Amino acid sequence: MKTDSIPPAPPCTLFLFGASGDLVKRLLMPALYNLARDGLLDPDLRIVGVDHNTSTAAEFGERLLAFMRERETGGEGATQLDEALWSSLAQRLEYQTGDFLSADTYTAIAERIGQTAHGNAVFYLATAPRFFPEVAQRLGQAGLLDESQGGFRRLVIEKPFGTDLASAEALNAALLQVMGERQIYRIDHYLGKETVQNILVSRFSNGLFESFWNNHYIDHVQITAAETVGVETRGAFYDSTGALRDMVPNHLFQLLAMVAMEPPAAFAADAVRSEKAKVIGAIRPWSPKMALKNSVRGQYVASTDEKALPGYRDEANVDPESQTETYVALKVMIDNWRWVGVPFYLRTGKRMSVRDTEIAICFKPAPYAQFRESEAERPKPNYLKIQIQPNEGMWFDLQAKRPGPELIMENVELGFAYKDFFKMTPSTGYETLIYDCLIGDQTLFQRADNIENGWRAVQPFLDAWALGGEVHTYAAGEDGPEAGKELLSRDKREWHPLG
Ligand code: BG6
């Protein structure tokens, strides 16, 4: 992630609330291990697991080690475990048995912080979201968010930040009652992805891009997050959430913001976050009628091919009559000078044909059909595809003349794949986020107004769907329902092929 010239983060006590949960084991600990590998953790960084089950530091360490060993053999970010590195990391581990709602837990936390000279603490809430306001409030009451003694105090939370506009506003208000915005680190793990961060670098460090990055040259933008997985073990959570809430106000809007925001006055947290809040705030709030017209919901049903994938309603912990969408496609408009008249089409779905997160920017056709007499009279539009995953990089579709006596045009690609240019060390995507939190850089974290503007843009769809509209079906393994294609074909456009 970082280069050799980056100094280690300052000393700190990192409290991991929800220490027995999946997030700590699967992502946070591997990320801390990678940070230790890169020399980015201070020798005085302590990691304290906090959870209600009775356990010890040694047992906590063993559980994490067991997972690190499993990871050696496969999965994303698989890597050979360096035993010496792990044991030095394991020595930093502590464990605090405690109920999140009991005052004793916070007294014990205060004692641990009191034993350090620096007084710095980060409280990472890897817990169910219902605990966010509760824990924050108790940290506040115990004086643990008070920075007046010099040490920093920060709180990290992850989505979901509410389930609609009202609950998101209530959550932000509860947090801001006990701490300042600059103490809050709201994670959207998409911002930990190199390719997402690279969008800003590409746009703002290459004079070329900015000259055509507007409604004079861009016809429309497509943002897709297609997954092949179903709901896995998260049926109960997903059934009350759905594709829209799960992916759009957070991950897809972050991608939209990276593509559509104005250049920030400085590459500094508040300048970047203000531009993002502005552009997300400029998404036109549709009337209920337009929200229905500009959205398509889908739910996967069992596939009939040899893969025999189950339907959504057959998944564990899903209501057999569920109307929850596992696919959503939306058309949104951004009401500002740069983007007026340029539709942004967004889609995301579970159990689609391929895993592909990409942004396809479709340019307007050449103004004049130069090669009228030839087959090339109607050239295909140029696309710039920014692929976030799995094949990270950027590709430009161009028209070229096929060699030979006839004038025949063909689509060719100019491309840049990350793996061809950079050595990609295995990472979880959380390394940068944890490091940035430890050094106090909020650029990649969401501010309250980013979150609320996202929900404000999504709320008309939620409201319209609550009153009616159809949930279309698609076979598991296909790219969403027909209606998803019609959302574009009625505008004489089509989805950029996935993959
Ligand atoms: C999570 C969603 O936030 O993002 C999941 O809750 C989804 O449903 C995941 O699968 C996608 O993340 P990624 O990094 O695999 O694109």
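Rule-based calculations on the coordinates, nothing more; no lab input. For clarity, every value in this text was computed on a predicted model and none was experimentally measured. Backbone-built Cβ (ideal geometry, glycine too); neighbour counts: all protein chains shown.
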Percentage relative contact order, segment 215-322, counting C-alpha pairs under 8 Å, at least six apart: 28 percent
Long-range HN-HN contacts of T163 with modeled amide H, under 5 Å: A168
Shape metrics for segment 420-463, restricted to C-alpha atoms - Rg then Dmax, Å: 16.1, 46
Highest-first arrangement of 398-408, 108-118, where packing means the average Cβ count within 10 Å: 108-118, 398-408
Centre separation in Å (Cα based) which lies between segment 22-67 and segment 126-177: 22 Å
Inter-probe distance in nm under a simple model that places probes 7 Å from Cα toward Cβ, at A236 and A417: 4.2 nm
Alpha-carbon Debye profile of segment 379-499, log10 I(q)/I(0) at 0.19 Å⁻¹: -1.22
Alpha-carbon centroid distance for the pair segment 405-482 / segment 210-227, whole angstrom: 13 Å
Longest to shortest principal axis, alpha-carbon extents of segment 94-216, angstrom: 61, 37, 26
Acute angle (nearest 10 degrees) that the helix 269-281 long axis makes with the longest principal axis of the chain, alpha-carbon atoms: 50 degrees
Percentage, to the nearest whole number, of Cα pairs in segment 186-341 over 28 Å apart: 34 percent
Hydrodynamic radius by Kirkwood, which averages 1/r over all alpha carbon pairs of segment 50-147, in angstrom: 15.5 Å
Low-density loop positions, GluC sites (Glu not before Pro), segment 263-349 - DSSP coil, at most 16 other Cβ in 10 Å: E306, E321
Calculated from backbone phi, Karplus (6.51, -1.76, 1.60) coupling profile of segment 318-333 in Hz, x at Gly/Pro: 10, 4, x, 10, 3, 10, 5, 7, 10, 9, 9, 10, 9, 10, 10, 10
Largest-first principal axis extents, alpha carbons of segment 317-450, Å: 61, 46, 38
Estimated [θ] at 222 nm from DSSP helical runs (n ≥ 4, -39500 (n - 2.57)) normalised by residues in the chain, nearest 500: -10000 deg cm²/dmol
Rg/Rh (Cα only; Kirkwood hydrodynamic radius) as it applies to the chain: 0.99
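Over all alpha-carbon pairs in segment 249-298, figure out the percentage whose distance exceeds 13 Å.
Roughly 64 percent, rounded to a whole number.
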On Cα atoms only, tilt of 103-114 relative to the major axis of the chain in degrees: 80 degrees
Residue-span extension gain [S148 to S167] - 0.36 nm each, minus C-alpha spacing: 3.8 nm
Along the chain, longest interval not containing exposed chymotrypsin sites (Phe, Trp or Tyr not before Pro), exposed being DSSP loop plus at most 10 other Cβ atoms within 10 Å: 1-336
Interchain or long-range residues, amide H under 5 Å from R154's placed H: A121, V122, F123
